[in-house]
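Coordinate-derived values only; no laboratory data. Computed from a predicted structure; not experimentally measured. Positions of Cβ are backbone-derived with ideal geometry, glycine not excepted, and every protein chain shown enters the neighbour counts.
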Amino acid sequence: MSEVISVARRDLIGDAWGGLAAMLVALPAAIAFGVTIFSPLGGSLAAEGALAGILGATALGLIASAFGGSSRLITAPCAPAAAVLSALAVSFTQQSIPPAAAIVLLSMIGLIAGAIQISLGLVGVGRLIRFVPYPVVSGYLSGVGLIIIGSQIPKFLGAPSGTSLIDALQTPAAWAWQSIVVGVVVVAAMMLTPRLTRTIPAAILALLAGIGCYLLLGLLDPALLSTDNNPLLVGTLTGSDASLAESIRRHWLAFSSLALRDIAQALVPALTLAVLLSIDTLKTCLVVDAMTNSHHDSNRELVGQGLGNVASSLIGGIPGAGTMGASLLNISGGGTTKRSGMIAGALSLLALLALAPLIAWVPIAALAAILIVIGLRMIDRHSLSFFFTPATRLDFMVIVAVILVAIFGNLIAASGVGVALAIMLFLREQTKSSVVRNRIEGEEIVVRRARTLHDPAEMAHEGSDVVVFELQGSLFFGTASQLLAALEPETGSRKYVILSMRRVQSLDVTATHVLEQIKDRLEENDGYLVFCDIPRGLPSGLKMKRFLKDTGVVRPTNKAFAFRQLDEALEWVEARTLAEAAVGQPETTALDLRDIPLLAGHGEDALRALEGAIEMRTVKAGKKVFKAGTASDELFVVRRGLVKVTLSIHKKESYHLATGGPGDIIGGMGFLDAMNHAADALALTDTELYVLSHRNFLELTEHHRALALAIVENIARSLGDRLRGTIAEIQSLRG
């Protein structure tokens with residue numbers, strides 16, 4: 001019991017330190033994002049933006065952590081939300097929408113986005129994050145980083161609120177040198193602090209350095225030492241419990257003034273925001289899982305994120321997502337449970353109530369500098385190397401396309417363009433890869449049926465009517481023409497076209513239409529299309545055999561058949577060939593001992609001695625001559641019938657080693673080494689066997705060495721022929 005209490009106490013301490021470290025990183029960024037969003041609405045609203053950032057960090061930390069599906073994720077206002085909402089704020093200003101109405105619209109967009117996230121989680125969309133291609137994620141992150149940098153440069157330069165990047169760069173006279181000095185100091189602190197200490201987050205030390213630098217500049221210009229209507233500072237925040245509650249109450253009343261038209265106007269940007277925040281969150285969850293060897297519930301996390309964004313919007317906060325930097329600091333600080341995220345949220349509220357006077361003195365240029373560094377770190381510089389490698393150059397173009405659309409269009413369009421391009425690249429690669437893994441001529445395949453009584457020349461011609469194609473990959477509309485080009489030339493010269501489907505990963509209606517065309521052309525020439533090695537189920541869950549039947553390719557009444565294994569297909573082909581050639585069936589012929597080829601040339605005394613040493617054994621059709629794993633030292637020679645020797649390889653599947661007819665040797669290995677049988681021998685028909693035990697063979701050896709030597713030589717020859725045939729088949733199948 002004491003050990004359990006000790007572990008719980010240790011987890012609580014770790015969560016407290018992890019939550020504190022995460023708050024110290026997330027809170028300055030949240031303030032910066034809030035100022036970024038609200039600044040275009042008017043310089044005096046920067047303080048309200050900072051308050052919205054803190055409220056967002058509080059609501060998201062408490063709600064999203066409690067209801068989410070990841071134990072160590074820290075949720076707070078983030079760069080994608082700032083990029084989307086600040087762009088909307090600029091648009092509202094250009095449309096002459098009053099600032100108060102614009103703020104309510106922004107909150108409504110966050111509220112609807114949260115509701116959409118909840119819906120996405122409930123319908124199970126969260127698991128689709130694993131299918132977003134890396135070039136799309138890379139381009140998306142780099143695009144957001146560049147957007148953040150572009151939006152913060154005017155603030156870094158001290159340009160008037162609402163000034164665009166181009167206008168700010170073209171009018172140096174509007175720059176404030178004090179802002180530039182503060183920004184440079186903050187950037188330097190952000191870059192140098194990690195080299196000096198990792199105890200205190202770099203963002204906190206950089207922010208304090210910015211405040212200190214600004215106060216020093218205030219000694220040179222006393223006009224800077226005022227928070228009232230100072231465009232270089234965040235300004236006074238709401239500080240008391242009463243005024244904070246009053247601010248939230250006014251925000252609720254403002255929601256009631258929205259018309260249905262306003263809500264409809266918020267739907268499209270809300271959908272954009274919901275998708276971006278979901279991708280950002282789940283991407284961060286994957287990183288956290290990889291670092292902590294844990295697993296998150298994507299759908300539950302989307303529900304938690306949605307609830308957090310709804311709560312944040314209702315109290316006037318800005319929306320957010322799972323943040324990478326704060327989550328990593330939470331892990332390194334010792335956070336192990338959801339409690340760490342909730343502690344980070346509670347500490348954000350405490351910071352608002354206790355540190356509001358200090359936050360009023362935060363220079364806007366300092367926040368801009370922090371965001372510029374964050375934006376630079378979001379750019380995936382590693383992906384630049386893709387350009388220099390021909391194999392990845394097209395992936396580099398996808399990244400560039402996503403970045404350009406993100407900058408000159410919007411982030412949701414950029415994600416859509418990236419996914420579309422990635423799909424096109426995938427289809428291109430699929431169509432370039434061959435769907436035919438191997439093509440095997442019938443003569444190359446060792447047909448294992450008994451040949452003792454057949455004309456070898458006639459049997460050699462049998463394989464020329466057969467060709468086997470081992471198919472692979474995806475058989476779909478992109479590879480259908482390739483499949484047709486490979487199979488069509490065989491329809492005029494082959495009677496049996498066998499398709500091994502073992503390595504096929506997917507199959508669609510277009511591909512089955514091509515297969516039906518091949519079947520029809522074979523049927524015109526009295527040929528057959530034969531399927532084998534059909535998977536029980538494809539990765540997509542499709543039942544291939546049923547699909548082939550449902551689409552009309554394989555039906556019991558036409559000339560397309562399906563078999564479980566290639567061996568079964570070859571046996572069926574051979575049986576039809578023998579029947580059509582009217583070759584006498586070996587099953588009906590019995591060999592006398594003296595007619596067996598291996599005994600030819602031996603004297604009558606030796607043959608009579610052999611007759612005394614062997615016994616006759618009868619096995620009914622469907623019964624086993626011997627079973628794998630059983631001990632036996634007997635040699636079997638088929639007198640009448642057929643015996644199929646198979647090796648079990650996987651569950652109900654087996655490998656066909658040989659089929660022996662009259663005069664063929666069965667069980668030679670067990671006879672030589674007296675070990676357990678490795679294979680099964682099944683009587684296909686009523687079978688008669690000559691059986692020679694090893695003990696009787698040794699007695700025979702004492703008086704008839706020549707006959708014993710002939711028996712051993714024939715056993716070795718039989719095993720050698722079988723091994724040679726197996727090697728030839730492996731070579732043909734492996735290509």
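On a 0 to 90° scale, report how tilted helix 364-378 is relative to the longest principal axis of the chain, with both axes built from alpha carbons and the result rounded to the nearest 10.
Between the helix axis and the principal axis of the chain, the angle is about 10 degrees.
To the nearest µm²/s, what D does Stokes-Einstein give for region 10-381 at 37 °C and 0.692 mPa s, using the Kirkwood radius over alpha carbon pairs as Rh?
Translational D for this selection: 162 µm²/s.
Over region 590-734, calculate the relative contact order: mean separation of alpha carbon pairs under 8 Å at least 6 apart, over the residue count, as a percent.
Taking the mean separation of contacting Cα pairs over the length of region 590-734, I get 31 percent.
Looking at LEU499, LEU55, ALA270, which one has the Cα that reaches farthest to the positive end of the dipole of the chain (charges on Cβ: Lys, Arg +1; Asp, Glu -1)?
Farthest towards the positive pole: LEU55.
Count neighbours as other Cβ atoms within 10 Å of each site's Cβ, and list the trypsin sites (Lys or Arg not before Pro) in region 110-202 that are DSSP loop with at most 15 such neighbours.
The qualifying sites are ARG198.
With label points built 7 Å along Cα→Cβ from the Cα atoms of LEU394 and ASN293, find their separation and express it in nm.
The modelled label-to-label distance comes out at 3.9 nm.
Using the Kirkwood formula on the Cα atoms of the chain, what hydrodynamic radius do you get, in angstrom to one decimal?
32.0 Å
In the chain, if the dipole is taken from +1 on Lys/Arg beta carbons and -1 on Asp/Glu beta carbons about the Cα centre, which of ILE614, SER39, LEU225 is farthest to the positive end?
In the chain, that residue is LEU225.
Any idea what angle helix 2-38 forms with the longest principal axis of the chain, computed on alpha-carbon atoms, 0 to 90 degrees, nearest 10?
60 degrees
Region 607-700: which trypsin sites (Lys or Arg not before Pro) are DSSP loop and have at most 10 other beta-carbon atoms within 10 angstrom?
The qualifying sites are LYS620, LYS651, LYS652.
If the chain between GLU441 and GLU611 were fully stretched, how many nm would it gain, using 0.36 nm times the residue separation less the Cα-Cα distance?
Between GLU441 and GLU611, full extension yields an extra 56.8 nm.
Provide the three semi-axes, in whole Å and in decreasing order, of the ellipsoid equivalent to region 590-734 as defined by the square roots of 5 times the Cα gyration tensor eigenvalues.
26, 17, 15
So what is the 222 nm mean residue ellipticity for the chain from helices alone, if each DSSP H run of at least 4 adds -39500 (n - 2.57) and you divide by all residues, rounding to the nearest 500 deg cm²/dmol?
Numbers: 26 runs with 416 residues, N = 735.
About -19000 deg cm²/dmol.
What is the spread of the Cα atoms of region 52-91 along each of their three principal axes, largest first, in whole Å?
37, 17, 12
Would you pull out the residues with amide H under 5 Å of ASN438's amide H, same chain only if 5 or more places away, H placed 1.01 Å from N?
It is GLU470, by chain and number.
Arranged by the count of other C-beta atoms within 10 angstrom, fewest first, what order do PHE531, PHE38 take?
Going from least to most buried by this count: PHE531, PHE38.
Suppose we keep just the alpha-carbon trace of region 165-230; what are its Rg and Dmax in angstrom?
Expressed in Å, the Cα Rg and Dmax of region 165-230 come to 14.3, 41.
Given the pairs LYS432/LYS559; LYS495/LYS519; LYS543/LYS644, which are separated by over 22 angstrom at their Cα positions?
LYS432/LYS559; LYS543/LYS644
At a threshold of 8 angstrom on Cα-Cα distance, excluding pairs fewer than six apart, so keeping six or more, what relative contact order does the chain reach in percent?
Values: 1391 pairs, mean separation 117.0, N = 735.
Reported relative contact order: 16 percent.
Can you tell which of HIS677, LEU487, GLY212 lies farthest toward the positive end of the dipole of the chain, using +1 and -1 charges on the Cβ of basic and acidic side chains (Lys, Arg; Asp, Glu)?
Towards the positive end, the residue furthest out is GLY212.
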